[in-house]
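Okay, structure first, notes after.
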Amino acid sequence: MDTHAHDRRRFLALGAALAAAPVLSACGAGFGGDDDKSDGSAADDVTGSFDWKREKDTTVKALLNKHPYTDALIADLKAFTEKTGIKVEYDVFPEDNYFDKLTVDLSSGRASYDVFMLGAYMVWQYGPPGWLEDLGPWMRNSAATGAEWDQADFFPNLLQADQWSLKAGAPLGQGGQYALPWGWETNVVAYNTEVFKKLGLQPAKTFDELREIAGVIKDKAPGAGFDGMYGIAVRGSRSWATIHPGFMTMYARNGLHDFTVSGEKLTPAMNTPEAIAFTEDWAGMVKQGGPPSWTSYTWYQCSSDLGAKKAGMLFDADTAAYFQAVEGASPASGKIAFHPGPKGPGGSLATNMWIWSLGMNAKSKKKSASWLFLQWATGKEHLRKSAITHNHIDPVRKSVADDAAYKDKMRHLPGFIETFETVVDQTKIQFTPQAQFFDATTSWAAALQEIYGGKSAKSVLNGLAGDLADKVG
Amino acid sequence: MRLALRPYLLIVPALLLTCGILYPFGLGLYYTLFDFSASKPQPDMVRFENYETVFTQDAFWNSAWVTVLYAVGAAAVETMLGVAVALLLHRSSLVGRVLEKILILPLMIAPVIAAIIWKLMLQPSVGVVNHLLKPFGLGGVQWTDTPTGALLSSIAVDVWVYTPFVAILALAGLRSLPTSPFEAAAVDGARWWYTFRRLTLPMLWPYVLVAVIFRFMDSLKVFDIIYALTEGGPGDSTVVLQIRAYLEAIRFQRYSFGISYTIVLWAVVYLAAMILVRHLGKIQRKAAEAK
């Protein structure tokens, strides 16, 4: 027997198989513990009077997601450097890769980036391991924070959304401030006014009406000169992002919850009889009036279809419709109107939201300079300029939302301002805060796809609830 | 002295490379014995609990089944098509020479890009595939909306990308075969099928098997094509082991548990590679005897 050949083959097989474990190296930096966490905040080291030039000649590194808000920020960075003497270096990644990049970077325990963009949901994931700096002490320190920053000017539900006690199930608005709201989105219905006029339709007041209108558009619009148009664009990919916009908004308006909280115990509630009935109706609406190949639909396809006159309605972020509605942006420009969407049975307009926030790396060595950057980026001056001269909407500050120049800019979009003002007070995060949010919502999206595919909603949602009870409860 | 050191210096790059592979592998293996996650940065030793959880989860067995279906399906179709294409190209002609150059184009495209391109082409309302099928009454196919459709579409993209790889290997094999047995068969008036079955195939087997080994092992650890095309959906229908590992380790930040998935996948690939490589040795010996 040729033992050398045998060993060689075994070695070849071993080598080939080793390549099968690429995830291993991603976590090869050692246990990323929180062992140097202390109770004191670096904010306490900042004393004296407030000075924008305090950290001049420092360089802050930012990790940013490719987004119109980011474009507005980058366009104005020179003003920040002139004001503070701080230079900002940044990397911009597309959204598909952005959070993986951020997660891996934060989990490595390095301070590659001092500041970064994140959503409020990410606070639930990045907060408990101690990766996010609590910005509360910085906000409260008058030596670190200028008076003009004006915390009271933020919509209170937005500031609260980034504030959490890090305890699963505990309501938002308590504990540390782990990020600052920077730009946000309410989830409402945008519709094509042309097709509504042609088919004699009115925006839906109830969920039943919404489903019916979606079906009517899909059946009748192609014959009325809207080639290939379907009723309603909603997200459907196997991702957490499918659940949070239209679906969660309508779910909450029906008075439904993802979990019920009793003390520290969370019990999945997506399998209550009411939740099952709603989910069946939602999947039915998609089948009846939704897009073909719905299971691959992300916000991008939904938004594009509204702009390309392929979708009669869009139930998603108002910004997803806004970017199609602005003049010259798409074939549907000038023909898109906004509406709060259907009310729940009790008249509720509870709306879920997404907040692009800015956070600080707890491991940053340049916290004082980073805080000056966050303060400037979420300050009145920059946000007003970004909203008026760029596309940084919806404003997180009341002063910008009420600004005459901003209102003038948005007035040409039918229903935009009225819709925003109608839902703003009822818009909040409708999910229960807990660290397994992404697992729970990804599984929820997969369940929704199975129900859409014809499986029994009751059995699929019972299975989901059982699975989540073990992980979250 | 210098001469005595030379052999050791020569193996340094290989040694470094081996350490570069083995260190994270060993570290990963070590991590699987803990309950390390973002929410538990100071983990406890749990021994083999992660593996127990993996093997008792329905999700694992579903992913394992989907992975095997995908790997067997993709490797089988690519091998058959690749060999068929190689046989056609082996007949020297101008068309063959031109096609040979064109054939490798899919290999030059990153699989993830290919999957994104195919995702657009398979889109039911605006995709070119349904547009072309419309005259045949098949314009409404929802390629990735059903579990079977999603799996078959993923395999089809894999086949599109990697069949040229098999074809090129098989073509190289065909061109290296000795000509005398074929000339003798022609003189004896042997038919094409007889020659193919009795001469070409036995001598070509080692090359085909190398292609099968590469494609089967590569398909077992597929991630990019499926993730870009379906993200593992609809439902869990295309969540292969690599996607499950990625979701657990990166998206859900259960590091130890996610790595356990990759270790299990490694074991599967290792076993498959062992069996196939052993088989390759036997076939190589038989082919040498046939020559």
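The values are calculated or read from the model by the stated rules, or taken from the named source; none is laboratory data. In this text, all values refer to a predicted model and were calculated from it rather than measured experimentally. In this analysis, Cβ positions are derived from the backbone assuming ideal geometry, glycine residues included, and neighbour counts consider all displayed protein chains.
If you go through segment B:234-250 one residue at a time, do you hit one that is more than 20 Å from the chain's Cα centre (by Cα), surrounded by fewer than 21 Cβ atoms within 10 Å (Cβ to Cβ) and at the interface with chain A (Cβ under 8 Å from one of its Cβ atoms)?
Here is the first cut: in segment B:234-250, the ones more than 20 Å from the chain's Cα centre (by Cα) are B:234-236, B:247-250.
From what's left, surrounded by fewer than 21 Cβ atoms within 10 Å (Cβ to Cβ): B:250.
Still in the running and at the interface with chain A (Cβ under 8 Å from one of its Cβ atoms): B:250.
Checking segment B:234-250: at least one residue is more than 20 Å from the chain's Cα centre (by Cα), surrounded by fewer than 21 Cβ atoms within 10 Å (Cβ to Cβ) and at the interface with chain A (Cβ under 8 Å from one of its Cβ atoms).
To keep it simple, each residue is scored yes or no on (1) assigned to a helix (DSSP H, G or I); (2) under 19 Å from the mean Cα position of the chain (by Cα).
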site	(1), (2)
A:Ser348	no, no
A:Ser357	no, yes
A:Ser370	yes, no
A:Ile388	yes, no
A:Asn391	no, yes
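Got a number for residues in segment A:109-152 being of a type in the set (Gly, Ala, Ser) and farther than 29 Å from A:Gly169 by Cβ? Show your work before the answer.
Our first condition is that a residue be of a type in the set (Gly, Ala, Ser); within segment A:109-152, this holds for A:109, A:111-112, A:119-120, A:127, A:130, A:136, A:142-144, A:146-147, A:152.
This time we only want the ones that are farther than 29 Å from A:Gly169 by Cβ, so: A:111-112, A:142-144, A:146-147.
Of the residues in segment A:109-152, 7 are of a type in the set (Gly, Ala, Ser) and farther than 29 Å from A:Gly169 by Cβ.
The single condition from (1) touching a Lys or Arg at 6+ places or on another chain (Cβ under 9 Å); (2) modelled with pLDDT under 95 that A:Val400 fails is (2).
B:Ile117 falls short on exactly one of the conditions (1) without any contact (Cβ under 8 Å) to a residue 12 or more places away in the chain; (2) under 19 Å from A:Arg238 (Cβ atoms); (3) β-branched (Val, Ile, Thr), and that condition is (2).
Taking (1) more than 21 Å from the chain's Cα centre (by Cα); (2) aromatic (Phe, Trp, Tyr); (3) closer than 13 Å to A:Trp282 by Cα in turn, A:Tyr230 satisfies each apart from (3). Looking only at segment A:333-361, filter to residues that are crowded, with 23+ Cβ neighbours inside 10 Å and among the aliphatic types (A, V, I, L, M); which one of those is nearest to A:Met410 (Cα to Cα)? Here the answer is A:Ile336. Just one of A:Ser262, A:Ser293, A:Ser330 is over 22 Å from the mean Cα position of the chain (by Cα) and either within 14 Å of chain B (Cβ to nearest Cβ) or within 27 Å of B:Tyr227 (Cβ to Cβ) (or both); which is it? Matching residue, one of A:Ser262, A:Ser293, A:Ser330: A:Ser293. Taking the numbered list (1) under 17 Å from the mean Cα position of the chain (by Cα); (2) in the same structural domain as A:Gly127 (by TED's automatic domain parsing) in turn, A:Ala320 passes all entries but (2). A:Pro171 meets each of the listed conditions (1) without any contact (Cβ under 8 Å) to a residue 40 or more places away in the chain; (2) not assigned by TED's automatic domain parsing to the domain that holds A:Thr298 apart from (1).
Of all residues in segment A:202-239, which are small (Gly, Ala, Ser) and closer than 30 Å to B:Gly232 by Cα? Full working, then the answer.
As a first pass, look at segment A:202-239 and keep what is small (Gly, Ala, Ser): A:204, A:214-215, A:221, A:223-225, A:228, A:231, A:233, A:236-237, A:239.
Once the filter is applied, which keeps residues that are small (Gly, Ala, Ser) and closer than 30 Å to B:Gly232 by Cα, segment A:202-239 yields A:Ala214, A:Gly215, A:Gly228, A:Gly231, A:Ala233, A:Gly236, A:Ser237, A:Ser239.
Being among the hydroxyl-bearing types (Ser, Thr, Tyr), touching a helix residue (DSSP H, G or I) at 6+ places or on another chain (Cβ under 9 Å), at pLDDT 95 or above and closer than 22 Å to A:Trp240 by Cα narrows it down to one residue among A:Tyr121, A:Tyr113; which is it? So the residue among A:Tyr121, A:Tyr113 that is among the hydroxyl-bearing types (Ser, Thr, Tyr), touching a helix residue (DSSP H, G or I) at 6+ places or on another chain (Cβ under 9 Å), at pLDDT 95 or above and closer than 22 Å to A:Trp240 by Cα is A:Tyr121. Somewhere in segment B:260-269, is a residue facing chain A (nearest Cβ under 9 Å), among the hydroxyl-bearing types (Ser, Thr, Tyr), assigned to a helix (DSSP H, G or I) and touching a residue at least 24 places away in the same chain (Cβ under 8 Å)? Scanning segment B:260-269, I find at least one residue that is facing chain A (nearest Cβ under 9 Å), among the hydroxyl-bearing types (Ser, Thr, Tyr), assigned to a helix (DSSP H, G or I) and touching a residue at least 24 places away in the same chain (Cβ under 8 Å), so the answer is yes. Considering segment A:217-239, and only residues there that are in a helix (DSSP H, G or I) and touching a residue at least 40 places away in the same chain (Cβ under 8 Å), the residue that is surrounded by the fewest Cβ atoms within 10 Å (Cβ to Cβ) turns out to be A:Lys218. The residue pairs whose first member lies in segment B:77-88 and is more than 14 Å from B:Trp205 (Cβ to Cβ) and at pLDDT 95 or above, whose second member is in a helix (DSSP H, G or I) and of a type in the set (Val, Ile, Thr), and whose beta carbons are closer than 6 Å, counting only pairs six or more residues apart or on different chains, are B:Val77/B:Val159; B:Glu78/B:Val159; B:Glu78/B:Thr163; B:Glu78/B:Val166; B:Leu81/B:Thr163.
So, of the residues in segment B:189-233 that are of a type in the set (Lys, Arg) and within 13 Å of chain A (Cβ to nearest Cβ), which turns out to be farthest from B:Thr163 (Cα to Cα)?
Across segment B:189-233, the extreme among qualifying residues is B:Lys221.
Among the residues that make up segment A:133-153, is at least one of them among the small types (Gly, Ala, Ser) and closer than 30 Å to A:Ala233 by Cα? There is no residue in segment A:133-153 that is among the small types (Gly, Ala, Ser) and closer than 30 Å to A:Ala233 by Cα.
Scan segment A:303-324 for residues that are aromatic (Phe, Trp, Tyr) and out of contact with any Gly (no Cβ under 7 Å at 6 or more places or on another chain) and report the count.
Start the filter on segment A:303-324 by keeping residues that are aromatic (Phe, Trp, Tyr), which leaves A:315, A:322-323.
Now drop any that are not out of contact with any Gly (no Cβ under 7 Å at 6 or more places or on another chain), which leaves A:322-323.
Within segment A:303-324, residues that are aromatic (Phe, Trp, Tyr) and out of contact with any Gly (no Cβ under 7 Å at 6 or more places or on another chain) number 2.
Of the numbered criteria (1) buried (at least 22 other Cβ atoms within 10 Å of the Cβ); (2) not in a loop (DSSP other than H, G, I, E, B), the one A:Thr432 fails is (2).
Highlighted here are the helices (runs of 4 or more DSSP H) found entirely within segment A:63-111 that include at least 3 residues which are surrounded by fewer than 19 Cβ atoms within 10 Å (Cβ to Cβ) and in contact (Cβ under 8 Å) with a residue 40 or more places away in the chain: A:68-75. Just one of the numbered conditions (1) crowded, with 18+ Cβ neighbours inside 10 Å; (2) at pLDDT below 90; (3) more than 12 Å from chain A (Cβ to nearest Cβ) is not true of B:Pro124: (3).
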